[in-house]
Amino acid sequence: MNTTRLEALAQEDPSLHALAERLLALAEAGLPAMYLPDAETFVFTRAGVVSPDGTRGLEQRGTSTRYAAITALGARFLPEDRQRALFGGRSAEEFTGVLVERLPGVVNLGDAALVAWAAAETGHPKLADALDRVASLDLPGRPQYTVEAAWALSALTAARAVVDVEDRLKVARKRLLAARAGDSPLFPHATGPGLVPGYRSHVACFADQTYPLQALARLHASGGDPEALAAADACAARICELQGDGGQWWWHYDARAGGVVEGYPVYSVHQHAMAPTALFDLAEAGGTDFGAAIRRGLRWMTDVPELAGPAGTPREPMIREDFGVTWRKVHRGDPKKAVRAARGLTTRVAPHARLAPLDRIFRPGAVDRECRPYEFGWMLFAWLGGPRR
């Protein structure tokens, strides 16, 4: 009998299991407020605002196809009646059908890949058409952003059991593996030159690591690919080695040297969802079990050293059930992201330079008061996915 991720967490750390259950309940409570029934999609964000009388609240801003698809990917693990509460009466499968029908108007590779991935996972009858739309946006030889290339690989991997995608799968796999510089275990921000300015082409973000390692792990699990699994394992080992003392998953890395360029912001979604999703998929594919790192990262959601006040009490919690959100991130509040820019430029020529005085001048402690649907979608995916009974 398989042990679910939540059951395993209950055995390893009951207090963290309670935290994960709390966050999952918040995701279900918060997502309906992010759904726009008239447009049949999800908002881009719910952002904190203060009214003229000083009352704090949230407002909806924009819409997002990719966040809608990610929500469907995560929500499909819920019982059907609870899925329908999130999608205006539709199941995750039915809502994915809405996204598939809109694919001819989608012009972003990442958006299309996520919709196709959701179509594969929910068994949509037009999966082949969805994959054709991905192919039309993924022109041969053209560099792509690494995150979007990883999503394309995940979509093809999920589809391979029902659609013949082997030739496309080989190309997507090769592109992702070849994107790494030398013997570095980390992935760059783009799979080739031309998309990122030269002065910061060495800087890659946390998402550039988790989505490729997840895609490669799932590829191995779908049919056996030891090289892909080894690449995923090496990437995971490095980001776990670099994890902060407070469980922080850092934001920007030097993809050449495998080090941290700039740690902040620390994003909630990395802590409770994206790192767990990727590392769980890796372990379940036969890779290294980085469960201790997952638990350290999750604990940050309530034990936030950047926000610790007198006697360690938090100045402000990151989890806000009263608003139906988790706050998006903790950051430095530096003007125009000055620390990131300075470190990006400096590490271009001196990979191990830290510019330590910047840490004293710009201490992290500012909170970004917004929340996006994908944060909850990946949370559901992370903790409800995996082995089932």
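The values are calculated or read from the model by the stated rules, or taken from the named source; none is laboratory data. As the structure is a computational prediction, the values presented were derived from the model and not from experiment. Counting neighbours? That spans all protein chains shown, and the Cβs are built from the backbone with ideal geometry, glycine included. For accessibility, only protein heavy atoms count, side chains too; no ligands or nucleic acids. Shrake-Rupley method; radii C 1.70, N 1.55, O 1.52, S 1.80 Å.
Residues of the stretch 247-259 that are open to solvent by 30 Å² or more (accessible area, probe 1.4 Å) and over 14 Å from Arg296 (Cβ atoms): Trp251, Arg256, Ala257.
Quick check, is Arg256 touching a residue at least 60 places away in the same chain (Cβ under 8 Å) and either touching a Gly at 6+ places or on another chain (Cβ under 9 Å) or of a type in the set (Asp, Glu) (or both)? Criteria met by Arg256. Output yes when any residue across the stretch 134-144 is assigned to a helix (DSSP H, G or I), hydroxyl-bearing (Ser, Thr, Tyr), in contact with a helix residue (DSSP H, G or I) (Cβ under 8 Å, 6 or more places away or on another chain) and surrounded by fewer than 24 Cβ atoms within 10 Å (Cβ to Cβ), and no when none is. No, every residue in the stretch 134-144 fails to be assigned to a helix (DSSP H, G or I), hydroxyl-bearing (Ser, Thr, Tyr), in contact with a helix residue (DSSP H, G or I) (Cβ under 8 Å, 6 or more places away or on another chain) and surrounded by fewer than 24 Cβ atoms within 10 Å (Cβ to Cβ).
Among the residues examined, Ala149 qualifies as open to solvent by less than 10 Å² (accessible area, probe 1.4 Å) and either in contact with a Ser or Thr (Cβ under 7 Å, 6 or more places away or on another chain) or modelled with pLDDT under 95 (or both). Take the residues in the stretch 82-106 that are closer than 26 Å to Glu148 by Cβ and among the small types (Gly, Ala, Ser), then tell me which one is most open to solvent (accessible area, probe 1.4 Å). Within the stretch 82-106, the match that is most open to solvent (accessible area, probe 1.4 Å) is Gly105. Say we look at the stretch 155-175 and pick out the residues that are touching a residue at least 12 places away in the same chain (Cβ under 8 Å) and basic (Lys, Arg); which of these is nearest to Gly123 (Cα to Cα)? By that ranking, first place goes to Arg160.
Exactly one residue out of Ala8, Ala33, Ala18, Ala75 is closer than 28 Å to Gly297 by Cα, open to solvent by less than 10 Å² (accessible area, probe 1.4 Å) and within 24 Å of the chain's Cα centre (by Cα), and it is Ala75. Sub-7 Å Cβ pairs linking a first residue in the stretch 217-246 that is within 23 Å of Gly297 (Cα to Cα) to a second residue that is in a helix (DSSP H, G or I) and open to solvent by 50 Å² or more (accessible area, probe 1.4 Å), at least 6 apart or interchain, are Gln243/Arg296; Gly246/Pro305, ordered by first then second residue. The C-beta contact set for the stretch 107-125 (first residue open to solvent by 10 Å² or more (accessible area, probe 1.4 Å), second residue among the basic types (Lys, Arg) and in a helix (DSSP H, G or I), distance under 8 angstrom, 6+ apart or interchain) comprises Asn108/Arg66; Asp111/Arg66. Listed by first and then second residue, the pairs linking a residue in the stretch 80-92 that is more than 12 Å from Pro32 (Cβ to Cβ) to a residue that is part of a helix (DSSP H, G or I) and among the hydrophobic types (A, V, I, L, M, F, W, C), with Cβ atoms under 7 Å apart and 6 or more places separating them unless they lie on different chains, are Ala92/Ala72; Ala92/Ala75. Of all residues in the stretch 39-77 being among the aliphatic types (A, V, I, L, M) and in a strand (DSSP E or B), which is farthest from Ala366 (Cα to Cα)? Among those that are among the aliphatic types (A, V, I, L, M) and in a strand (DSSP E or B), it is Val43.
Return yes or no: is Gln83 in a helix (DSSP H, G or I) and not charged (D, E, K, R)? Criteria met by Gln83. Regarding the stretch 176-191, can at least one residue be identified that is among the hydrophobic types (A, V, I, L, M, F, W, C), open to solvent by less than 30 Å² (accessible area, probe 1.4 Å), over 16 Å from Gly110 (Cβ atoms) and touching a residue at least 40 places away in the same chain (Cβ under 8 Å)? Yes, there is a match, as at least one residue in the stretch 176-191 is among the hydrophobic types (A, V, I, L, M, F, W, C), open to solvent by less than 30 Å² (accessible area, probe 1.4 Å), over 16 Å from Gly110 (Cβ atoms) and touching a residue at least 40 places away in the same chain (Cβ under 8 Å). Checking Ala273, Ala285 one by one, the residue that is of a type in the set (Gly, Ala, Ser), surrounded by 18 or more Cβ atoms within 10 Å (Cβ to Cβ) and farther than 25 Å from Val330 by Cα is Ala285 and no other. Filtering the stretch 36-46 to residues that are surrounded by fewer than 19 Cβ atoms within 10 Å (Cβ to Cβ) and either under 29 Å from Arg295 (Cβ atoms) or hydroxyl-bearing (Ser, Thr, Tyr) (or both) leaves nothing.
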